[in-house]
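What follows is one structure encoded as structure tokens, with my remarks underneath.
The values are calculated or read from the model by the stated rules, or taken from the named source; none is laboratory data. Here the structure is a predicted model, which is why all the values come from computation and not from measurement. In this analysis, Cβ positions are derived from the backbone assuming ideal geometry, glycine residues included, and neighbour counts consider all displayed protein chains. Note: areas computed on protein heavy atoms with side chains; ligands, DNA, RNA excluded. Shrake-Rupley method; radii C 1.70, N 1.55, O 1.52, S 1.80 Å.
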2 protein chains.
Amino acid sequence: MATKISIPKGTRDFSPIEMNKRNYIFDTIREVYSLYGFQQIETPALEQLSTLMGKYGEEGDKLLFKILDSGSYFGDFSYEQLFSQLIKESLRKGYLKIYKNHKFKSNMDLNTLDQKLRALIIDLIQRGVGREKGLRYDLTVPFARYVVMHRDEITFPFKRYQIQPVWRADRPQKGRYREFYQCDADVVGSDSLLNEVELMQIVDTVFTRFGIRVCIKINNRKILTGIAEIIGEADKIVDITVAIDKLDKIGLDNVNAELREKGIGDEAIAKLQPIILLSGTNEEKLVTLKEVLADSETGLKGVEESEFILSTLKNLGLKNEIELDLTLARGLNYYTGAIFEVKALDVQIGSITGGGRYDNLTGVFGLSGVSGVGISFGADRIFDVLNQLDLYPKEAVNATQVLFINFGEKEVAFSMQVLAQVRAAGIRAEIFPDASKMKKQMGYANSKNIPFVVLVGENEMNEGKVTLKNMETGEQRLVTAQELIEELC
Amino acid sequence: MATKISIPKGTRDFSPIEMNKRNYIFDTIREVYSLYGFQQIETPALEQLSTLMGKYGEEGDKLLFKILDSGSYFGDFSYEQLFSQLIKESLRKGYLKIYKNHKFKSNMDLNTLDQKLRALIIDLIQRGVGREKGLRYDLTVPFARYVVMHRDEITFPFKRYQIQPVWRADRPQKGRYREFYQCDADVVGSDSLLNEVELMQIVDTVFTRFGIRVCIKINNRKILTGIAEIIGEADKIVDITVAIDKLDKIGLDNVNAELREKGIGDEAIAKLQPIILLSGTNEEKLVTLKEVLADSETGLKGVEESEFILSTLKNLGLKNEIELDLTLARGLNYYTGAIFEVKALDVQIGSITGGGRYDNLTGVFGLSGVSGVGISFGADRIFDVLNQLDLYPKEAVNATQVLFINFGEKEVAFSMQVLAQVRAAGIRAEIFPDASKMKKQMGYANSKNIPFVVLVGENEMNEGKVTLKNMETGEQRLVTAQELIEELC
């Protein structure tokens, strides 16, 4: 029987070691968010389905997990109610007719009736659906809902962070989960570019603390719009960035060929040349862009924004490289200003952090004029990168610092007094609860990676001391409780 | 439109201030759990429905939130499939008959057909249900499932803690939520009473840190069994404890009358007198119980266990009172040894923590012989108690420590340099992102309860200093970056 137990596909248990590592990641991010004045909120896992539906496109809607109270499978209707409704509505609509003795008949053939009843059942369910619940799909829509619901209590600009799981009924596959954490920070209610600057400082600080070398890529939706404007191909901007991105791999001729294939005219391709070949420092790139985009007001605005962000950050001196990258085009329909993405330099893995500025976050909930900018750290990928580079600080992932071996009742009574002092000093300490064989107790210390054990026997009790053993070196010595604490602190 | 937005009944948004308070509670509990060598795990919110069903009694099963992937409302069946199945099965079972022209008839009257089809639809859904998922209802069953699934990786005794939300489709009411956090710690795989002792130390330490004065009530299931044995009324143990509990309020005669009413014989009531009147110190109570329970092996075992736990704790010196209380009878069907419950002394509220020892945690998943003991802190009630007694430490719930006022671009450039140093020193600091009116910026500081603001103008920049203003006293003075850091650290 035990072998049949499982957890749903795409979900995970986190063991103590994984939890320590994950806590290290979340605590680091949380601490840096706080340093910058971001405040934590939490929203419920369950949202009204009406809050979630229609916010993530048709594909997203399909990936929503829907929740039903037990006994009420159809929103407002229970099974029984649904069926009664079905019969009632069928009679009302004339699909079924009652004749003598409460028997009934239908004038339709079975296929037609089947069709009619199917449509009816779906309609009935839909009516109930409005009042159903779903599991949140991301943290952005619940945040927008939060801002609207709490707008009278919030002082804007509102700098919030949120670290909670989200759920997606995606096809589970390597590295893609149906339940996973997001770690978002957003500022809403301020158009100032200082927000973009500070978010980049946050990214820089977090990865510096992790010891992960990264490249921060930055772009601006307005620059992309400007490019589309000047070449008169507004709808081809994705094709263009995809092609440009291949320059290093396939060379200029092939890039131009690809652009032609995508239906971009020769004149436009000619205008695109300085952009495809854009290189040099960020400053050099901005100079080129200013020339190329001279005729696009929007494009120049994007250049100006990027200039401010990059020059301010240069003065502040980031630890990591930041690069203006025109091929960065994430979530085009969503973002309206700066866009960012972070790549690890020493590990081959996709983007490990991303974000950008968006207008009108809360418009869909009836509150307009709230723009914002945000970032999201990809905790699962950061977890993998830290593992691959072996960057977890020992003290962050270690658990119990010392195990007291249990030699029996009298020794335990003595040990418990010392243990209380050790714990009062903030040292994570255990006593093996049973007076098991020494081998078993030492095995426990080893498997939990506990670096020290304390032994208390007749001798130690007589002297009022304990024996402290270093599990790595094997070295052991007799110490007082005070010395023990000093050794372990 | 905005006014129609809501969150599901029984769920909550947590604002920044609430989050700070909740984090203070969880961090305190987490820290104390770690001090005692407990390690954190997390399990997914989604469990197989088969893992959850049948574990919480009939009532509990009804309170499970069931989850359906989008488009598959009935486990394996979509709406359309369900309906086709319904028609097919109806034909197969003869509820419906096809006659000429694919028309169909039924020989049943409408009510009977309705009944038959209802049963059928439920049956079809149930068949799909086996492969559905549910939201976890508590942390105990997922923990048991975890232990069984990971038994080969776990070193026993396994001391784990878990702080995660759970969901119950309960009727929402004041203080009862459909989504709430539990904070559990359990030791499994050890019968040693030291585990009970340490859990009581944890309770004592946590509430001492909170500054909440509590009384820890302790009892033992075996003592209750013993009492039932000696009076020959094994099934009346709940009636007995309920009646005894009323002694202070209604007096001995009325307690005895109530026992008689519940069908307990005169002889049994006579034997119960010393237990009803049990008083004095824990030691005195244990002496009496030893006499009364002399003929019950189980009862004496319970007394002996309580004696060990209480005397060990006495030697260790708890800060809070611990009391042997025979009227404590929580979860009788579940617990098999010691039972605990914690009451706040200065606030009228139910139990704020509880737990006990149980046998055979994992038997239901096919792994027998795993007993354990655990506690669970009631975070929501502790939150209320701390609020009512105003016990949150200021530094724990405060957020940003200093706000830099924004006077414009040049001042910002200067401020950002100081800000970077301040944050590098670990001080939570913000700059107002827009150069808004002074009044608005000061209002922001006030509403976020930020205790200090920094002002940077022409003067300050010339001197290379900043003006630090204490928002409470109104006092302000010119300081260097270094002095600023020293002031705020």
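Annotation: A:Leu313 fulfils all but one of (1) under 29 Å from the mean Cα position of the chain (by Cα); (2) over 16 Å from A:Asp204 (Cβ atoms); (3) of a type outside the set (Lys, Arg); the unmet one is (2).
Quick check, is A:Val197 under 18 Å from the mean Cα position of the chain (by Cα), open to solvent by less than 20 Å² (accessible area, probe 1.4 Å) and within 10 Å of another protein chain (Cβ to nearest Cβ)? Considered against the rule, which asks whether it is under 18 Å from the mean Cα position of the chain (by Cα), open to solvent by less than 20 Å² (accessible area, probe 1.4 Å) and within 10 Å of another protein chain (Cβ to nearest Cβ), A:Val197 comes out as no. Checked against the criteria, A:Val188 does not count as in contact with a Ser or Thr (Cβ under 6 Å, 6 or more places away or on another chain), within 14 Å of chain B (Cβ to nearest Cβ) and under 30 Å from B:Asp434 (Cβ atoms). Scanning segment A:430-458 for residues that are polar (S, T, N, Q) and in contact with a strand residue (DSSP E or B) (Cβ under 8 Å, 6 or more places away or on another chain) turns up just one, A:Gln441. Of everything listed in (1) open to solvent by 40 Å² or more (accessible area, probe 1.4 Å); (2) in a helix (DSSP H, G or I); (3) more than 10 Å from chain B (Cβ to nearest Cβ); (4) of a type outside the set (Lys, Arg), the single unmet condition for A:Gln417 is (3). Number of residues in segment A:361-378 that are free of Cβ contacts under 8 Å to residues at least 12 places away in the same chain and either surrounded by 20 or more Cβ atoms within 10 Å (Cβ to Cβ) or assigned to a loop (DSSP other than H, G, I, E, B) (or both) equals 2.
Listed here are the residues, each with its yes/no results for (1) in contact with a His (Cβ under 8 Å, 6 or more places away or on another chain); (2) under 20 Å from A:Leu52 (Cβ atoms); (3) modelled with pLDDT of 95 or more; (4) aromatic (Phe, Trp, Tyr).
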| position | (1), (2), (3), (4) |
| --- | --- |
| A:Glu132 | no, yes, no, no |
| A:Arg136 | no, yes, yes, no |
| A:Phe158 | no, no, yes, yes |
| A:Arg168 | no, yes, no, no |
| A:Pro172 | no, no, no, no |
| A:Phe180 | no, yes, yes, yes |
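In segment A:440-489, of all residues being in a loop (DSSP other than H, G, I, E, B) and of a type in the set (Lys, Arg), the one that is farthest from the chain's Cα centre (by Cα) corresponds to A:Lys465. Among the residues making up segment B:158-176, those that are touching a residue at least 40 places away in the same chain (Cβ under 8 Å) and either in contact with a strand residue (DSSP E or B) (Cβ under 9 Å, 6 or more places away or on another chain) or outside the structural domain of B:Lys343 (by TED's automatic domain parsing) (or both) are B:Lys159, B:Arg160, B:Tyr161, B:Gln162, B:Ile163, B:Gln164, B:Pro165, B:Trp167, B:Arg168, B:Ala169, B:Asp170. Candidates A:Leu64, A:Leu91, A:Leu86: the one that is outside the structural domain of A:Arg168 (by TED's automatic domain parsing), at pLDDT 65 or above, open to solvent by less than 60 Å² (accessible area, probe 1.4 Å) and more than 30 Å from B:Lys9 (Cβ to Cβ) is A:Leu91.
Taking segment B:205-240 as the range and being open to solvent by less than 10 Å² (accessible area, probe 1.4 Å), part of a helix (DSSP H, G or I) and in contact (Cβ under 8 Å) with a residue 24 or more places away in the chain as the test, the residues that pass are B:Val206, B:Phe207, B:Phe210, B:Ile223, B:Leu224, B:Gly226, B:Ile227, B:Ile240. Candidates are the residues of segment B:350-361 that are at pLDDT below 90 and touching a Ser or Thr at 6+ places or on another chain (Cβ under 9 Å); the one that is nearest to B:Leu328 (Cα to Cα) is B:Asp359.
The residues of segment B:204-237 that are within 14 Å of chain A (Cβ to nearest Cβ) and among the aliphatic types (A, V, I, L, M) amount to a single one, B:Val206.
Residues that are open to solvent by 30 Å² or more (accessible area, probe 1.4 Å), in contact with a helix residue (DSSP H, G or I) (Cβ under 7 Å, 6 or more places away or on another chain) and among the basic types (Lys, Arg) within segment A:422-480 comprise just one, A:Arg428. Among the residues of segment B:389-404, is there at least one that is assigned to a strand (DSSP E or B) and either over 38 Å from the mean Cα position of the chain (by Cα) or of a type in the set (Lys, Arg) (or both)? Checked segment B:389-404: at least one residue is assigned to a strand (DSSP E or B) and either over 38 Å from the mean Cα position of the chain (by Cα) or of a type in the set (Lys, Arg) (or both).
Residue count for segment B:300-342 satisfying the condition of being assigned to a helix (DSSP H, G or I), among the small types (Gly, Ala, Ser) and open to solvent by 30 Å² or more (accessible area, probe 1.4 Å): 1. Checking each residue in segment B:19-38 for being closer than 19 Å to B:Val166 by Cα and touching a strand residue (DSSP E or B) at 6+ places or on another chain (Cβ under 9 Å) picks out B:Met19, B:Arg22, B:Asn23, B:Ile25, B:Phe26, B:Ile29, B:Arg30. For segment B:395-414, residues that are in contact with a Leu (Cβ under 7 Å, 6 or more places away or on another chain) and surrounded by fewer than 20 Cβ atoms within 10 Å (Cβ to Cβ) total 0. Is segment A:241-250 home to any residue that is at pLDDT 90 or above and either away from chain B (no Cβ under 14 Å) or crowded, with 20+ Cβ neighbours inside 10 Å (or both)? Checking segment A:241-250: at least one residue is at pLDDT 90 or above and either away from chain B (no Cβ under 14 Å) or crowded, with 20+ Cβ neighbours inside 10 Å (or both). Figure legend. Inter-residue proximity from segment B:426-455: first residues more than 12 Å from every other protein chain (Cβ to nearest Cβ) and within 17 Å of B:Glu486 (Cα to Cα), second residues open to solvent by 60 Å² or more (accessible area, probe 1.4 Å) and not hydrophobic (A, V, I, L, M, F, W, C), beta-carbon distance below 7 Å, spacing 6+ or different chains. Indicated pairs: B:Pro451/B:Glu472. Residues in segment A:6-37 that are part of a loop (DSSP other than H, G, I, E, B), open to solvent by less than 30 Å² (accessible area, probe 1.4 Å) and either farther than 18 Å from B:Ile41 by Cα or more than 8 Å from chain B (Cβ to nearest Cβ) (or both): A:Gly10, A:Tyr36, A:Gly37. Taking the numbered list (1) more than 22 Å from A:Leu194 (Cα to Cα); (2) free of Cβ contacts under 8 Å to residues at least 40 places away in the same chain; (3) of a type in the set (Asp, Glu); (4) surrounded by 13 or more Cβ atoms within 10 Å (Cβ to Cβ) in turn, A:Glu261 passes all entries but (4). Scanning segment A:138-150 for residues that are in contact with a helix residue (DSSP H, G or I) (Cβ under 8 Å, 6 or more places away or on another chain) and either outside the structural domain of A:Val373 (by TED's automatic domain parsing) or charged (D, E, K, R) (or both) yields a single hit, A:Arg145.
List pairs: first residue in segment A:275-286 and assigned by TED's automatic domain parsing to the domain that holds A:Lys217 and under 13 Å from A:Ile223 (Cα atoms), second residue crowded, with 19+ Cβ neighbours inside 10 Å and hydroxyl-bearing (Ser, Thr, Tyr) anywhere in the structure, Cβ distance under 7 angstrom, at least six positions apart or on different chains. Final answer for the pair search is A:Leu286/A:Ser306. Report, by residue number, each residue of segment B:425-439 that is of a type outside the set (A, V, I, L, M), outside any helix (DSSP H, G or I) and over 17 Å from A:Ser192 (Cβ atoms). If the condition is that a residue be of a type outside the set (A, V, I, L, M), outside any helix (DSSP H, G or I) and over 17 Å from A:Ser192 (Cβ atoms), then B:Gly426, B:Arg428 are the ones that fit.
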